[in-house]
Amino acid sequence: MADTTGRAAVASQIMNEPTAPERPGTTVPPPVAKRVPSTRTHHGDTVIDEYAWLAAKDDPDTLAYLHAENAYAEQLTAGLADLRERIFTEIKDRTQETDLSVPARKGDWWYYSRTVEGQQYSIHCRAAVTGDEPPATGEAVDGEQVLLDENELAEGHDFLSVGTFDVSPDGRLLAYAVDFDGNERFTLRVKDLETGELLGDEVPDTFYDTAWSLDSSVLYYLTVDDAWRPYRVWRHRIGTPAAEDTVVYEEADERFWVGIGLTRSERYVLIDLRSKITSETRLLDAGDPAAEPVVLRGRRQGVEYSVDHQIAGDRFLIVHNDPECGGGPNFAVAAAPADKPEAWTPLVEHREDTRLLDLDVFENHVVVHLRHDALTGLRVYPVEVDGGLAEPRPITFPEPLYTVGVDTNLEYRTGTFRLSYGSLVTPRTVYDCDLTTGELTLRKQQPVLGGYDPERYEQSREWATADDGTRVPLSIVRRKGVPLDGSAPCLIYGYGSYESSMDPRMAVPRLSLLDRGFVYAIAHIRGGGELGRHWYEDGKLLKKKNTFTDFVACARYLVERGWTSQDRLVAYGGSAGGLLMGAVANLAPEAFGAIVASVPFVDALNSILDPSLPLTVLEWEEWGDPLHDPEVYAYMKSYSPYENVRATDYPAIFVETSLNDTRVLYHEPAKWVARLRAVNSENAGAKPVVMHIEMEAGHGGRSGRYDAWREIARMYAWIIDIAGAPHEPLG
């Protein structure tokens with residue numbers, strides 16, 4: 001109680017007396033942040049930022065303001081407490097809480113994870129192989145060995161993230177890394193799986209990704225620079241102090257992000273160097289713990305490639321866009337001998353209508369992941385005696401909308417590969433595919449409890465028309481019988497950045513919306529990758545505004561065709577999708593009844609101007625470089641949400657952020673909310689702007705599954721209420 005009083009006392013000192021009128025339906029005024037003018041000048045343009053002070057994370061004034069926002073959010077939504085609890089219970093009751101993943105074989109072991117009712121986190125296990133069939137899911141596994149219990153790790157902590165989980169090639173050691181704050185700085189540890197003891201090997205401040213040498217004596221790991229960019233690869237010899245670790249590679253170019261991994265053949269450690277538009281791979285001989293990296297092919301601006309290794313013929317298989325080797329915007333596949341890795345020979349040609357995404361290499365087959373007509377797909381290529389690829393075998397599915405991808409495959413020498421499949425109505429389903437016949441063997445479909453029947457729902461593909469005539473796909477799901485007369489509430493989701501595709505998948509929590517009569521729509525807007533590389537390039541840099549106008553066109557299409565009405569249409573996006581939310585709020589506030597922005601990148605220009613911030617320099621090839629290019633500066637200033645807040649009738653807005661987020665810093669949404677309120681303080685019709693801040697979490701929010709469900713329930717309760725949907729599910 002004393003702590004709460006203290007925060008309120010500090011808050012009263014830093015906030016002006018509230019001048020905004022009470023919001024409709026509320027009894028409490030929102031916090032009003034103090035204004036402290038700060039000047040920014042670039043390219044002859046001077047801007048006054050009155051809320052830059054909120055970037056001081058450890059300042060008592062900042063923390064007091066954030067606590068005041070949380071208190072306001074709790075007060076404003078107190079009437080939704082029962083609905084939040086009801087939605088949480090619905091999610092919980094539909095979830096098989098004690099469950100087991102499909103075991104994946106590696107050598108003499110089946111590896112899997114399981115969850116236990118009442119426990120927040122996964123338990124990682126293995127069991128000895130006693131036959132060709134994996135142990136049945138949902139049942140106890142005889143001879144189980146617990147490798148890592150995340151619930152035990154999380155004891156005494158409000159947050160837990162496991163950044164790497166990597167069993168050594170001999171199966172004796174486990175490397176794992178933990179983060180207890182949400183800031184994506186991990187402590188790396190090594191466990192002896194034979195004795196169950198933790199070894200003395202401990203390395204602080206590491207990043208995701210590790211790789212083992214073939215003899216399990218050396219562990220490679222990553223560290224980050226001051227801007228949170230992974231840039232160093234280290235070699236750690238098991239049993240030696242971390243202070244004796246040596247740097248294997250350091251990337252000096254601030255545009256490049258470093259990753260590491262082991263080829264499925266386990267012959268090479270791959271050091272993957274990647275900017276937004278250029279890549280390079282360096283190879284370490286996994287059989288030589290003292291090996292130094294060798295460049296597979298030197299970087300050339302605009303050329304991207306990714307690599308795996310095939311033992312037969314001792315060659316590398318490369319997915320690339322290099323026009324000098326038959327590549328193009330949608331990528332192609334080439335092969336190169338291990339002793340001459342720069343000599344690429346075409347294997348799979350480039351196609352204008354099909355984006356090649358990745359490949360999985362097995363002893364006698366290659367599985368290519370692709371995207372065609374806004375849908376994912378897989379092709380199985382048998383490897384011929386001369387090393388060529390035979391005619392591919394596509395894997396087909398009957399639904400009009402679906403998502404298919406390669407699942408966990410640990411073995412190189414195998415006659416099957418594992419894939420996952422799902423749609424907006426079909427729960428995640430795992431199959432083993434026979435590499436010779438293409439026959440699918442069902443291993444598991446994720447249970448949805450409570451009498452879920454996919455036949456009660458229907459999904460469809462629609463196409464909106466953007467301002468420039470471009471056709472934009474939407475994926476839509478609803479309960480059968482929901483009318484198309486404009487009366488249904490609707491949640492429209494969008495992202496539209498980094499060539500990331502928002503593919504149609506079922507989500508158990510979403511049933512709480514669908515069963516209250518909601519239409520759920522995914523807008524596959526430019527800036528994503530749903531329709532190939534050109535779809536991405538038409539929504540980035542100086543074409544970024546296409547992302548926003550596409551989304552508005554999709555929203556208006558849904559209203560025009562009777563899927564919903566403007567006042568019942570809620571838009572939702574997170575991270576770069578939160579930038580989308582802020583941009584469309586300024587561009588077309590009248591098109592939406594409400595907006596939900598999760599960890600939103602709404603102060604984009606200020607962040608991309610500051611190269612000292614995490615990830616900024618890396619992002620210049622996505623958004624442009626406003627620090628050095630006045631055209632980019634002017635363009636970003638014309639759409640960055642924080643820069644363009646104006647006095648208008650904005651829709652109601654719900655904002656989520658996390659104090660320890662290192663990808664979109666908490667102060668971006670905090671500044672945005674403060675400015676939205678200030679600019680519209682005289683607008684008597686202003687709708688509520690609510691912000692909830694997780695004080696012990698990072699970019700992904702709370703880490704435990706029950707905590708995550710409560711986060712979803714909070715957001716969904718607000719969406720249901722603001723859209724005027726029934727608080728109880730339909731009959």
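Summary table below
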| item | result |
| --- | --- |
| Shape call, the range 494-642: gyration tensor on alpha carbons, a/c limit 1.5 | prolate |
| Per residue accessible area in Å² of the range 84-133, where ligands, DNA and RNA are left out and the probe is 1.4 Å | 45 Å² |
| Computed accessible area, residue 105, all protein chains, 1.4 angstrom probe, square angstrom | 80 Å² |
| Net dipole in debye of the range 186-296 [+1 Lys, Arg Cβ; -1 Asp, Glu Cβ; about Cα centre; nearest 20] | 400 debye |
| Set of aspartates and glutamates near residue 444 by C-alpha distance (under 14 Å), chain-local residues within fewer than 8 positions excluded | 99, 133, 139, 407, 432 |
| Residue (of 365, 382, 429) at the positive-pole extreme of the chain, dipole from beta-carbon charges | 429 |
| Gain upon complete extension [residue 85, residue 155; 0.36 nm per residue less C-alpha separation] | 22.7 nm |
| Reciprocal mean inverse distance between Cα atoms of the range 619-731 - Kirkwood radius, Å | 16.7 Å |
| The range 577-727, accessible area per residue, ligands and nucleic acids excluded (1.4 Å, Å²) | 26 Å² |
| Relative contact order %, the range 288-382, counting alpha carbon pairs below 8 Å whose residues are six or more apart | 19 percent |
| For the range 228-316: accessible area per residue (Å², 1.4 Å) | 40 Å² |
| Most positive-pole-ward Cα, 111, 609, 338, against dipole of the chain from beta carbon charges | 609 |
| Rounded to the nearest 10 Å², the accessible area of residue 181 at probe 1.4 Å | 80 Å² |
| FRET efficiency for residue 202 and residue 615, using Cβ-Cβ distance with R0 set to 25 Å, rounded to 0.05 | 0.40 |
| Listed candidates (1) 2, 11, 16, 15, 15, 14, 13, 9, 4, 1, 0, 0; (2) 3, 13, 23, 24, 18, 12, 6, 2, 0, 0, 0; (3) 3, 13, 23, 27, 22, 10, 3, 0 - label of the one calculated as P(r) over Cα pairs in 10 Å bins from 0, in percent | (3) |
| Lys/Arg +1, Asp/Glu -1 at C-beta; the chain dipole; positive extreme among 130, 572, 662 | 572 |
| Solvent exposure ordering (accessible area, 1.4 Å, most first) of 675, 471 | 471, 675 |
| Cross-link table 276/637; 480/544; 545/687, entries beyond 28 Å C-alpha to C-alpha | 480/544 |
| Prolate/oblate/rounded call for the range 29-122, Cα gyration tensor, a/c under 1.5 rounded | oblate |
| Percent accessible area from carbon and sulfur atoms, the range 523-680, protein chains only, probe 1.4 Å | 53 percent |
| Potential lengthening between residue 631 and residue 679 on full extension [0.36 nm per residue; Cα-Cα distance subtracted] | 14.6 nm |
| The chain - charge dipole about Cα centre, Lys and Arg +1 at Cβ, Asp and Glu -1, debye rounded to 20 | 2040 debye |
| Share of carbon and sulfur in the accessible heavy-atom surface of the range 438-514 [1.4 Å probe, %] | 45 percent |
| Restraint check, 57/543; 540/671; 57/92; 106/191; 57/540, Cα-Cα greater than 26 Å | 57/543; 57/92; 57/540 |
| Helix-only CD estimate at 222 nm, as mean residue ellipticity for the chain, using -39500 (n - 2.57) per DSSP H run (n ≥ 4) | -6000 deg cm²/dmol |
| Carbon plus sulfur fraction of accessible area for the range 377-431, probe 1.4 Å, in percent | 50 percent |
| Extension gain, residue 170 back to residue 47 (0.36 nm per residue minus Cα-Cα distance, nm) | 38.3 nm |
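The values are calculated or read from the model by the stated rules, or taken from the named source; none is laboratory data. What you see is a predicted model, and the numbers here were worked out from it, not measured in a lab. Here Cβ is always computed from backbone atoms with ideal geometry, including for glycine, and neighbour counts include all displayed protein chains. For accessibility, only protein heavy atoms count, side chains too; no ligands or nucleic acids. Shrake-Rupley method; radii C 1.70, N 1.55, O 1.52, S 1.80 Å.
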